[in-house]
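The values are calculated or read from the model by the stated rules, or taken from the named source; none is laboratory data. Bear in mind the structure is a predicted one, so any value in this text is a computation, not a measurement. No Cβ is skipped: glycine too gets one built from the backbone with ideal geometry, and neighbour counts run over all protein chains shown. To get the accessible areas, we keep the full protein, side chains included, count just its heavy atoms, and leave off ligands, DNA and RNA. Shrake-Rupley method; radii C 1.70, N 1.55, O 1.52, S 1.80 Å.
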Amino acid sequence: MKLLSAQAYVDGVRAGDRAILARAITLVESEQPAHAALAQGVLEALLPETGGACRVGISGVPGAGKSTFIDALGTMLTGQGRRVAVLAVDPTSSVSGGSILGDKTRMGTLSNDPNAYIRPSPTSGTLGGVARKTRETILLCEAAGFDVVLVETVGVGQSETLVAGMVDYFLVLLIAGAGDELQGIKRGILEVADMLAINKADGDNRERAIRAQASYQNALRLMRAGRVPPVVTCSALEKRGLKELWALIVESWRGQQASGELQRKRQAQQVRWMWDMVENGLRRALRGDPELSARIAELEDAVAHEKTTPSAAALEVLRRFAERADEALKRG
């Protein structure tokens, strides 16, 4: 990857240059240690231009039509004069390491829209179906002038709720007519969702969608104390229900702004982000030390075969790491 100067990245992103934006995202996604300092310098310079977008996470059960939904919703928003960035996180194969990266073909209309930008990124095995650098990419898209950022995540599972920690509003897309309506989604998703939207409420499926809507509303009343998130029906195919759905999101977002809740939420997310990076860095440091990595492998085997306890093994890893860090400081 041919690198630009930090100022060239900053100027290009501020100007909304798509080619430079794509290169800046590639830079922050890079696993090369040599790129990390440059990436952080670019992000810090762009921070004053970030924070203005409505950040929406979209997850959903398999077959719910997430890409079709985002294509329709995004096209509607650009038609209203908004600039929409879609961060579509693709599954990475646990065998080959390859990813599909087919979102641009599945969002045919939006991918050709001059007011939209679609960035597919492989998860690289990241827990939660969200690419490791999704947070940084959100900031870059905001700095480039996009006022709506949609984050599409992979599938639905308990770990998927991690997306709620980086967006302002978390939408879960569902379908009706696939058996027991409450079996295809984990409790953890229902506990953090800001809205449930039952897609494909068209044709013969419309009545089933309305019945499913009532089922989910009842379930949410039982498990959510206080405010119960809305449950709506829509049809991405027929472009029906999307305006009403978006109006609810905007109403909530503006209400959070007015009350100060949005600022408090984002501040908490930033602190959580910092600790995520600290924890990730410590993991890499532990694995990157050949001697310590070898000992960790031995301890993992000992724990697996019940020759020692997980807590004793963890304490030894932490002790050895602290000792090696102390030695490095003395040498420095």
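Values as computed for the structure displayed
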| quantity | calculated |
| --- | --- |
| In the range 146-161, the residues that are surrounded by fewer than 18 Cβ atoms within 10 Å (Cβ to Cβ) and either at pLDDT 90 or above or part of a helix (DSSP H, G or I) (or both) | 147, 158, 159 |
| Every pair of residues 6+ apart whose Cβ atoms lie under 6 Å, when the first sits in the range 65-84 and is closer than 12 Å to residue 149 by Cα while the second is assigned to a helix (DSSP H, G or I) and among the polar types (S, T, N, Q) | 84/78 |
| Filtered residues of the range 1-45 (kept if under 16 Å from residue 121 (Cβ atoms), open to solvent by 80 Å² or more (accessible area, probe 1.4 Å) and part of a helix (DSSP H, G or I)) | 18, 23 |
| The range 205-231 residues that are closer than 15 Å to residue 175 by Cβ and at pLDDT 90 or above, paired with ones that are open to solvent by less than 50 Å² (accessible area, probe 1.4 Å) and among the hydroxyl-bearing types (Ser, Thr, Tyr) (beta carbon under 7 Å, 6 or more apart) | 209/233; 210/233; 213/233; 231/216 |
| Enumeration of residues in the range 201-227 that are open to solvent by less than 70 Å² (accessible area, probe 1.4 Å) and in a helix (DSSP H, G or I) | 203, 205, 209, 212, 213, 214, 215, 216, 217, 219, 220, 223 |
| Residue 287 being open to solvent by 30 Å² or more (accessible area, probe 1.4 Å), in contact (Cβ under 8 Å) with a residue 24 or more places away in the chain and closer than 24 Å to residue 323 by Cα | no |
| Residue within the range 126-142 that is of a type outside the set (A, V, I, L, M, F, W, C), farther than 22 Å from residue 10 by Cβ and modelled with pLDDT of 90 or more present | no |
| Filter result for residue 48 (assigned to a helix (DSSP H, G or I) and either modelled with pLDDT of 95 or more or under 25 Å from residue 73 (Cα atoms) (or both)) | yes |
| Residue match in the range 306-329 (condition: acidic (Asp, Glu) and under 31 Å from the mean Cα position of the chain (by Cα)) | no |
| Members of the range 252-265 found to be surrounded by fewer than 13 Cβ atoms within 10 Å (Cβ to Cβ) and either closer than 12 Å to residue 230 by Cα or over 22 Å from the mean Cα position of the chain (by Cα) (or both), listed by number | 255, 258, 259, 260 |
